[in-house]
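A short worksheet on the structure shown next.
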Amino acid sequence: MAHDLESKPQAAMENEEKEARSNSVFAEKAEMADFKADAILAENAEHNMGVIQAIKAYPMASFWAFVMSCTIIMESYDVFLMGNFLALTKFKTDFGVCYPLPVGCVIETKWQSALQVSGQLGALIGVFLAGPLTSRIGYRYATLTGLMLLNVFIFSFYFAKSLPVMFVAQLLEGLPWGIFIANAPAYCSEIVPIQLRAPATQMLQMFWAIGSIIVGAVTYSYNKVETTDAYRIPIALQWMFPTPLAILIFCAPESPWWLVRKGRLEAAAHSVERLGRRSQVKSAETVAMMRRVIDMEASIKPPGHLELFKGTDLRRTLIVCGVYLAQNLTGNLIANQAVYFFQQAGINDDTAFALGLITSALQWIFVILSWILTTYYGRRAIYLWGSAANTILLIALGVAASVGTSNAANLAQASLGLIVSVLFTLGPAPASWVIIGETSAIRLRPLTTGMGRATYYIVEIPCIFLASYMLNPKSGNLGGKCGYVWGATGLLCLITAYFQLPEMKNRSYREIDIMFKRRIPARKWKKTEIDVNDDE
């Protein structure tokens, strides 16, 4: 009897534990079912939006993407500034080597290259810092750190009185550039809905063009100034950007995708509400959609650079790196050295600076046109057709330079150089930013964009030395014949893109994850259908 009295409470306790475990499992399954149902609703809502409807639903997302894209102006400004300094009369007189006319004063080839790669060397370090830094503290605070550092580093450039000091100053300025260029495409692609990913990320190319327009206008104005103001004032104008942008970005919402990755679901929902209209955006469903994708990519390990080269992430990393690499091999360097190129093509200084400014203005217009093309016709098609057109024009540039040194031949070279620079911003360049923002896995995005941009700098640095050698009248003196070189490398990039670059237009991040995991060939992506219930 005593044994029965003792066993009954124990059996009851065991039954209660079993019932509690059963209820817990049931509740977990119910929560997962609701969570997936909400995720499907949010994804379908984004798919069903048109571009105008998406803008109306997420007006502040568009604004904050605009603000973050402004950070690209600073790298663009300085890259084009150094290219224009090589053609600036006072800069050449103070820091160059003077020869008898018609050559005149010229910056030595080694310093031409060194000054243009110094910022890229710093940015190469910066992009490797950006990934771990952003993964840890978020896009906002990583970008704010870069902006504050840039304010300090501009001082060293402004007060530099020799080329070696300018080299070091540019290297230091490159550190925050690396943070900006790694974070901006990732942030912009994460805060907007599917239909706005193309225009949001392509704004980066527009601000790259704006930076070159400002530089073109400033150096054109100071080309004939005979004091050090000719280059000191353009350097000082860099201070226009960091502080106002820092104030704005401090007020910006953090990427909700980053917050979900950190498990801060309430903060992510609040961020979604700040990005969209509460009457049109259901934050709980949107966060559920993000959770679904992040759970698919779940890993017990924190994200690391080695993961970029494992499994299906290797293919994604190679696409991002390949697109970045191709920017330097399809005519981009002609655009970055446009004024100097025009001078070496036989155009006088005033006309060369004017053509450089016209080129930058046309690039800005063509980037806006590219929004329409990429949004409605896709990324792959615009990238491939644009790359093909650039390759043909680069070879035509080489042919024009081979004809002779007549005025007509010089004008043909200048015209083709301008067209190459402009068409680059209609096709390959803006489409690249969309591809870069969409391709990487969510949990590895800061690291992938950083690695891709590092590839860009690693390839750009030797290409700058090559470009400077080819254009310098005391070295290669090829002028427009450099079109043969860039045409050949552009053709290789075009062939590789045809076989490896998938079409990600109108694809959610869940669909993109699944298609990479299924190893679908690039040319079949457009016709592949993914069921809304699939989780892999």
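The values are calculated or read from the model by the stated rules, or taken from the named source; none is laboratory data. As the structure is a prediction and not an experimental result, all values here were calculated from the model. All Cβ positions, even for glycine, are placed from backbone atoms using ideal geometry, and neighbour counts span all protein chains on display. Surface accessibility is based on the protein's heavy atoms, side chains included, excluding ligands, DNA and RNA. Shrake-Rupley method; radii C 1.70, N 1.55, O 1.52, S 1.80 Å.
Restricting attention to segment 246-300, the residues being among the small types (G, A, S) and over 15 Å from A39 (Cβ atoms) number 9.
E511 meets all of the listed conditions (1) open to solvent by less than 40 Å² (accessible area, probe 1.4 Å); (2) over 21 Å from the mean Cα position of the chain (by Cα); (3) within 30 Å of A352 (Cα to Cα) but one, namely (3).
Show me the helices (runs of 4 or more DSSP H) entirely contained within segment 410-521 in which 1 or more residues are out of contact with any His (no Cβ under 7 Å at 6 or more places or on another chain) and either modelled with pLDDT under 80 or closer than 21 Å to A326 by Cα (or both).
428-439, 445-471, 482-500
Taken over segment 364-378, the residue count meeting the criterion of being in contact with a helix residue (DSSP H, G or I) (Cβ under 6 Å, 6 or more places away or on another chain), under 18 Å from G437 (Cα atoms) and open to solvent by 10 Å² or more (accessible area, probe 1.4 Å) is 3. The numbered conditions (1) open to solvent by 20 Å² or more (accessible area, probe 1.4 Å); (2) basic (K, R); (3) assigned to a helix (DSSP H, G or I) are all true for K161 except (3). Residue count for segment 118-149 under the criterion of being open to solvent by less than 40 Å² (accessible area, probe 1.4 Å), under 20 Å from A454 (Cβ atoms) and within 19 Å of the chain's Cα centre (by Cα): the result is 15. Is it the case that T312 is open to solvent by 10 Å² or more (accessible area, probe 1.4 Å), in contact with a Phe, Trp or Tyr (Cβ under 7 Å, 6 or more places away or on another chain) and either at pLDDT 90 or above or part of a helix (DSSP H, G or I) (or both)? So T312 fits the description; yes. Checking every residue in segment 409-417 against the condition of being free of Cβ contacts under 8 Å to residues at least 40 places away in the same chain and under 29 Å from R197 (Cβ atoms) gives zero matches. Looking only at segment 435-454, residues that are over 23 Å from R291 (Cα atoms) and of a type outside the set (K, R) come to 4 in all.
Here's the yes/no breakdown for (1) in contact (Cβ under 8 Å) with a residue 40 or more places away in the chain; (2) within 27 Å of the chain's Cα centre (by Cα); (3) open to solvent by 10 Å² or more (accessible area, probe 1.4 Å):
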| site | (1), (2), (3) |
| --- | --- |
| S402 | yes, no, yes |
| T439 | yes, yes, no |
| R443 | yes, yes, yes |
| L447 | yes, yes, no |
| G476 | no, no, yes |
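The sole residue among F66, F95 that is surrounded by fewer than 22 Cβ atoms within 10 Å (Cβ to Cβ) and within 24 Å of F207 (Cα to Cα) is F66. Of all residues in segment 315-357, those being at pLDDT 80 or above, in a helix (DSSP H, G or I) and in contact with a Ser or Thr (Cβ under 8 Å, 6 or more places away or on another chain) number 11. Picking from residues in segment 167-185 that are modelled with pLDDT of 90 or more and among the aliphatic types (A, V, I, L, M), the one that is most open to solvent (accessible area, probe 1.4 Å) is V168. The condition of being charged (D, E, K, R), modelled with pLDDT of 85 or more and under 23 Å from A169 (Cα atoms) holds for only one of R232, R292, that being R232.
The listed residues are A396, A388, A361, and the only one of them that is closer than 18 Å to M206 by Cα, at pLDDT 75 or above and surrounded by fewer than 23 Cβ atoms within 10 Å (Cβ to Cβ) turns out to be A361.
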